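Okay, structure first, notes after.
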Amino acid sequence: MGKTIFDDGFQAYLTDGAYLVGDPGIPMLMDSGDTQIPLDMIPFTKAKSCKNKRQYVHFYEHDREFSAVLTATKRYLELLKQFDGVITPDCSMLIGQAKCLQEANTYMNRAVGYYLQKNGIPVIPNVRWSDESSFEYCFLGVPKGGIVSVSTHGCIKSNFQKAMFKTGLEAMLETLEPKVVLVHGRMPDEIFDDFKSQVEFHRYASYYERTHREGGE
């Protein structure tokens, strides 16, 4: 009988040695207390052609643009090692999306981050949520009291989205108690003003802002 070959779409090697937390078993990222605040950020799709490596690579793009990083992470180690660090993948978390998919996307966010950390790459957790129902698992696997990153790009187009983002931001600050929050995209006062006395924010313009004079999200 021939050997059975399993298609491991979740790449078990990513979390070898990781401590899994919560009911979904989300990999816990290592606590990197000496992580530096990025000088700048660059989208993953622009990293290969970028000459300035003193940046963190981010994945605040459509999921299809970085899907290969989730399914063949080893292939991108050498590229990512050239940069100052990496923001963990921004796998979609959508209101109304099945819970199992949102948990899986949270898992892949942390799994890739853990693997990069094990290979010597400085990592900053990207935190993503949908609505209140995701709060039970979307913050799992992120060490408390460190640096985290969020993105408003494409996530605050309507008043409802703004209100939901603010609710999630407040929950994230209460749960993770970060010392620094990196913000990719716009920082509207109605979302962020109430929290500026609680935590240090650093804003990074999105690629769209940098390439369109009038900006906007």
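The values are calculated or read from the model by the stated rules, or taken from the named source; none is laboratory data. Here the structure is a predicted model, which is why all the values come from computation and not from measurement. Ligands, DNA and RNA are excluded from the accessible area calculation, which covers all protein heavy atoms including side chains. Shrake-Rupley method; radii C 1.70, N 1.55, O 1.52, S 1.80 Å.
Observations on the model:
- In this structure the amide hydrogen of residue 41, modeled in the peptide plane, comes within under 5 Å of the amide hydrogens of 56, none closer than 5 places in sequence on its chain.
- The portion of the accessible surface of the chain made up by carbon and sulfur, rounded to a whole percent, is 49 (1.4 Å probe; DNA, RNA and ligands excluded).
- Reach of residue 196 by Cα under 20 Å, taken over lysines that are not fewer than 8 positions away in the same chain: 144, 162, 166, 179
- Cα-based helix-to-principal-axis angle, 99-118 vs the chain, degrees rounded to 10: 80 degrees
- Each residue of segment 141-149 is assigned a 3J(HN,Hα), and the resulting list reads x, 10, x, 6, x, x, 9, 10, 10 Hz, derived from the Karplus form 6.51 cos²θ - 1.76 cosθ + 1.60 (θ = phi - 60°), x at Gly and Pro.
- In segment 1-122, lysine pairs with alpha-carbon atoms under 14 angstrom apart (chain gap of 8 or more, or interchain): 5
- Integer Hz, Karplus 6.51/-1.76/1.60 couplings in order for segment 78-91, x for Gly and Pro: 5, 5, 5, 5, 6, 9, 5, x, 9, 8, 4, x, 9, 5
- Nearest-ten-degree value, helix 159-176 long axis tilted from longest Cα axis of the chain: 60 degrees
- Interchain or long-range residues, amide H under 5 Å from residue 187's placed H: none
- For the chain: accessible area per residue (Å², 1.4 Å): 51 Å²
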